[in-house]
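Report on the structure given below.
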Amino acid sequence: MLVHPQFSPIAFEIGPLAVRWYGLMYLVAFLLAWTLGRWRIRHGKTALTTRDLDDLLFYSVLGVVLGGRLGYVLFYKPGYYLAHPLEILAVWHGGMSFHGGLLGVLLVMALFARRRGFRFLQVGDFVATLVPLGLAAGRLGNFINGELWGRPTTVPWGMVFPQAGDGVARHPSQLYEVGLEGLALFALVWLFASKPRPVGQVSGVFLMGYGFFRFMVEYTREPDSFLGILAGGLSMGQWLSLPMVLVGLALFVWARRPATA
């Protein structure tokens, strides 16, 4: 049985400034997206320019943070935050939703595409290739913090997370997410996008891939204590992932339609 190493949440300090691992992982995520985006631009994989990339990433930071926080508030604890509205601003207490962050980025993409004269799905196909490694960095941050641990297990690599307070071996589900939602999804989307595809198909593959991987990992991830298991024996993460799979499938099929004159 393994025990979580209990890393310090602070990566390093510069005078009075303490840089936390989770915040550092956000920075790593956007640096990876910037590097991959420039590679795709340099190799003619997109019509976007480096200026477009810089502007898109800048506004996407706002979309991720605001959307992720509001998504957590609305999807997971609406009653609590309705009673304590000022707590919505207390992001240092934790509480971010990937699905909310996705909606925030989609809104940014829509506004960006309209102002720059791109098709929305054209921007979506570009962004889809840049996201998975950033997701891996975020989940690695969760593991370093010892949060969002998995369900009890007897597998040999089960890990005790002291923060859980029960001494029970659990799935290191954060690492499963690093491998599936991060590395595997990146390989899938990047390889698929390596050849010319109809506009919208890369976005469809990303949505299907993330939705499927997240749905499966949720079977090993401990449900939020204030929600538990919901209707159909599924967690909130699974219910939010199902529409992603369906929309991704519809988008993939729609993109293959014959072009009309």
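The values are calculated or read from the model by the stated rules, or taken from the named source; none is laboratory data. These figures come from a predicted structure and were not determined experimentally. All Cβ positions, glycine included, derive from the backbone under ideal geometry; neighbour counts span all protein chains shown. Note: accessible area is taken over every heavy atom of the protein model, side chains too, but ligands, DNA and RNA are not part of it. Shrake-Rupley method; radii C 1.70, N 1.55, O 1.52, S 1.80 Å.
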(Q) Out of VAL123, VAL108, I need the residue that is open to solvent by 20 Å² or more (accessible area, probe 1.4 Å) and assigned to a helix (DSSP H, G or I). Which one? (A) VAL108
Q: Could you list all residues from region 136-150 that are over 17 Å from TYR26 (Cβ atoms) and out of contact with any Lys or Arg (no Cβ under 6 Å at 6 or more places or on another chain)?
A: GLY146
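Let's see how each residue does on (1) touching a Phe, Trp or Tyr at 6+ places or on another chain (Cβ under 8 Å); (2) more than 27 Å from HIS43 (Cα to Cα); (3) of a type in the set (A, V, I, L, M); (4) open to solvent by 30 Å² or more (accessible area, probe 1.4 Å):
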{"residue": "GLN163", "(1), (2), (3), (4)": "yes, yes, no, yes"}
{"residue": "GLY204", "(1), (2), (3), (4)": "yes, no, no, no"}
{"residue": "VAL217", "(1), (2), (3), (4)": "yes, yes, yes, no"}
{"residue": "SER225", "(1), (2), (3), (4)": "no, yes, no, yes"}
{"residue": "GLY228", "(1), (2), (3), (4)": "no, yes, no, no"}
{"residue": "LEU240", "(1), (2), (3), (4)": "yes, yes, yes, yes"}
{"residue": "VAL247", "(1), (2), (3), (4)": "no, yes, yes, yes"}
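Identify, please: which residue in region 210-261 is among the small types (Gly, Ala, Ser) and part of a loop (DSSP other than H, G, I, E, B) and is, among those, farthest from TYR80 (Cα to Cα)?
First, the residues of region 210-261 that are among the small types (Gly, Ala, Ser): 211, 225, 228, 231-233, 235, 237, 241, 248, 250, 255, 259, 261.
Subsequent filtering for residues that are part of a loop (DSSP other than H, G, I, E, B) retains 225, 228, 235, 259, 261.
Numbers: SER225: 14, GLY228: 16, SER235: 19, ALA259: 49, ALA261: 53 Å.
So the residue we want is ALA261.
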Q) Do any residues in region 181-197 that are closer than 19 Å to LEU121 by Cα and open to solvent by 50 Å² or more (accessible area, probe 1.4 Å) have Cβ atoms under 8 Å from those of residues that are β-branched (Val, Ile, Thr) and assigned to a helix (DSSP H, G or I), where the two are at least six apart or on different chains, and which pairs are they? A) LEU188/VAL205
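Does VAL73 fit the bill of being in a strand (DSSP E or B), without any contact (Cβ under 8 Å) to a residue 40 or more places away in the chain, more than 30 Å from LEU191 (Cβ to Cβ) and in contact with a Phe, Trp or Tyr (Cβ under 7 Å, 6 or more places away or on another chain)? Give the derivation first.
Details: in a strand (DSSP E or B): no; without any contact (Cβ under 8 Å) to a residue 40 or more places away in the chain: yes; more than 30 Å from LEU191 (Cβ to Cβ): yes; in contact with a Phe, Trp or Tyr (Cβ under 7 Å, 6 or more places away or on another chain): yes.
Criteria not met by VAL73.
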**Q.** First in region 154-180 and at positive phi, second anywhere and assigned to a strand (DSSP E or B), Cβ under 7 Å, 6 or more apart
**A.** GLY167/VAL160
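Criterion first (under 21 Å from LEU36 (Cα atoms) and of a type in the set (Val, Ile, Thr)) does VAL123 satisfy it? Working first, answer last.
Numbers: under 21 Å from LEU36 (Cα atoms): yes; of a type in the set (Val, Ile, Thr): yes.
Considered against the rule, which asks whether it is under 21 Å from LEU36 (Cα atoms) and of a type in the set (Val, Ile, Thr), VAL123 comes out as yes.
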